[in-house]
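This report refers to the structure that appears directly beneath it.
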Amino acid sequence: MAADVLGAEPDSALLKMAERPGGSPFLLVELLSGLRDEGLVRVESGRAELIEWRLPDRVSQSMRLRLERMSDSAVVWPRLLPLWDEGSLLTMWQPC
């Protein structure tokens, strides 16, 4: 999927980052598209290279918008998960 979104074969750093969404196709596409759109990936000679390891703004904005669209009762459950705390979300995306 990474090669399809980026239009090139991803390097090992991109493949490692692509594991972070935990199998969610939506989050993976948001991540890869955000990396591409924000210039965090360089595509050259059929290879996509990660330039900077950081969470694209697009991902946190997308999550924020999804939460805003939820009903008040549905929004309670993400507060129980550290993943939804923006600081924790950013930590999750740090290189291993």
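The values are calculated or read from the model by the stated rules, or taken from the named source; none is laboratory data. Every value quoted in this text rests on a predicted model; they were computed, and no experiment measured them. Heads up, the Cβs are rebuilt from the backbone with ideal geometry, glycines too, and the neighbour counts pull from every protein chain shown.
Looking at (1) assigned to a loop (DSSP other than H, G, I, E, B); (2) surrounded by 11 or more Cβ atoms within 10 Å (Cβ to Cβ), which one does Ser62 not meet, given that it meets all the others?
Failed condition: (1).
If I ask for residues that are assigned to a helix (DSSP H, G or I) and touching a helix residue (DSSP H, G or I) at 6+ places or on another chain (Cβ under 9 Å), which ones from the stretch 5-19 would you list?
Val5, Leu6, Leu14, Leu15, Met17, Ala18
Filtering the stretch 67-79 down to residues that are within 19 Å of Pro21 (Cβ to Cβ) and surrounded by 12 or more Cβ atoms within 10 Å (Cβ to Cβ), which residue is modelled with the lowest pLDDT?
The qualifying residue modelled with the lowest pLDDT is Pro78.
Please enumerate the residues belonging to the stretch 1-34 that are at pLDDT below 95 and charged (D, E, K, R).
Asp4, Lys16, Glu19, Arg20, Glu30
From Ala13, Ala3, which residue is more than 12 Å from the chain's Cα centre (by Cα), in contact (Cβ under 8 Å) with a residue 60 or more places away in the chain and surrounded by fewer than 17 Cβ atoms within 10 Å (Cβ to Cβ)?
Ala13
Among the residues of the stretch 35-48, is any β-branched (Val, Ile, Thr), at pLDDT 90 or above and not in a helix (DSSP H, G or I)?
Yes, the conditions are met somewhere in the stretch 35-48.
How many residues are within 15 Å of Arg20 (Cβ to Cβ), in a helix (DSSP H, G or I) and not basic (Lys, Arg) when one looks only at the stretch 49-59?
So the count comes out to 1.
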